[in-house]
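The values are calculated or read from the model by the stated rules, or taken from the named source; none is laboratory data. Please read all numbers here as calculations on a predicted model, not as lab measurements. Cβ placement follows ideal geometry from the backbone for every residue including glycine, while neighbour counts extend to all protein chains displayed.
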Amino acid sequence: MSDLFGFTRTVVKPRYALITPDGFVNSHLPGWKNAVCVVNISPAMTGPRFTQLHISLEKDGVGEGNTGVNQYVIYVIEGAGTIDLAEKRHRLERGSYIYLPPGKDMVIKNGHAAAMKLLIFQKRYVVLKGVPAPATIVGHERDVKGQPFLGNEDARLQVLLPDHQSFDMAVNIFTYQPGATLPFVETHIMEHGLLMLKGQGVYRLDEDYHPVKAGDMIWMAAYCPQWFVAMGKTPASYIYYKDVNRDPM
Ligand code: UGY
Ligand code: MN
């Protein structure tokens, strides 16, 4: 379907973007070897204040660098490998995630012949006077209990980063049983970057309704009205970024 008549579900609008895998185009990014890197969301779109990368580390793939003024959240979508941080080596598998504060060195390696696929959110860290920047976190989604969202047992939220003022970003996984919805059309100052991890549904973005499924990426600008319903016979889940805990002015 995708190569007939120039059809795609991808759409880039001033207040949101839906980017589907058929349209991904690779970039060569410094520090990544034997890797297929796609910059799905970035300030180059005019609007986003963060970057969302999809990186496929092939056999012997390595990513090496320093976070600089930014902080990273790296989530393992598929495959397994390791990350070396100053203090030690950590094993990574599907569902592992790492929070790296500014100024942190890292070396991430694929340990197998099959690709290790990574989702990376990068955001410039905004200092809060008197509050030290967060420390590194290495965790796994299975260790984070899903809480009912606004009392709905069928829409559960896993909050991957601590709810603490030192963090200026949050990354959560939202899992919906078939038919479950965001309870209302949200309109808020926070922006989002999102990857559909499982299942399918319909996303309302601004005034438009889009069918979405696992593998799709979405950018939602601040104040972009948003709503979701999970459809089909299996649960739908997505991982998403939002900016938090800082004054708007
Ligand atoms: O955290 C959120 O704003 C979340 N409820 N938004 C979303 O899922 N689109
Ligand atoms: Mn939201």
Within the range 228-248, is there a residue that is farther than 21 Å from Pro134 by Cα, within 16 Å of ligand 2 (Cβ to nearest atom) and surrounded by fewer than 19 Cβ atoms within 10 Å (Cβ to Cβ)?
yes
So Val171 ticks every box in (1) touching a strand residue (DSSP E or B) at 6+ places or on another chain (Cβ under 9 Å); (2) more than 15 Å from ligand 2 (Cβ to nearest atom) but one. Which box is left unticked?
(2)
Kindly establish whether Val126 is farther than 26 Å from Tyr16 by Cα, in contact with a strand residue (DSSP E or B) (Cβ under 9 Å, 6 or more places away or on another chain) and of a type in the set (A, V, I, L, M).
no
Taking the range 134-182, which residues are acidic (Asp, Glu) and over 16 Å from the mean Cα position of the chain (by Cα)?
Asp143, Glu153, Asp154, Asp163
Out of all the residues in the range 215-226, is one or more more than 29 Å from Leu100 (Cα to Cα) and part of a loop (DSSP other than H, G, I, E, B)?
yes
Residues satisfying the stated conditions in the range 1-44, i.e. on the phi > 0 side of the Ramachandran plot, assigned to a loop (DSSP other than H, G, I, E, B) and assigned by TED's automatic domain parsing to the domain that holds Phe121:
Gly31
Select from the range 209-227 the residues that are more than 16 Å from ligand 2 (Cβ to nearest atom) and in contact (Cβ under 8 Å) with a residue 60 or more places away in the chain and write down the one among them that is nearest to Gly47 (Cα to Cα).
Asp216
Taking the range 174-197 and the residues there that are aliphatic (A, V, I, L, M) and in contact (Cβ under 8 Å) with a residue 60 or more places away in the chain, the one that is nearest to ligand 2 (Cβ to nearest atom) would be Leu195
Mind listing whichever residues of the range 198-208 are touching a residue at least 60 places away in the same chain (Cβ under 8 Å) and either hydroxyl-bearing (Ser, Thr, Tyr) or near ligand 1 (Cβ under 10 Å from one of its atoms) (or both)?
Tyr203, Leu205
Against the condition more than 30 Å from Val25 (Cα to Cα), outside the structural domain of Leu53 (by TED's automatic domain parsing) and touching a Lys or Arg at 6+ places or on another chain (Cβ under 8 Å), how does Val159 come out, does it pass?
no
Restricting to strands (runs of 3 or more DSSP E) lying wholly in the range 100-175: which have 1 or more residues that are in contact with a Pro (Cβ under 7 Å, 6 or more places away or on another chain) and not aliphatic (A, V, I, L, M)?
152-159
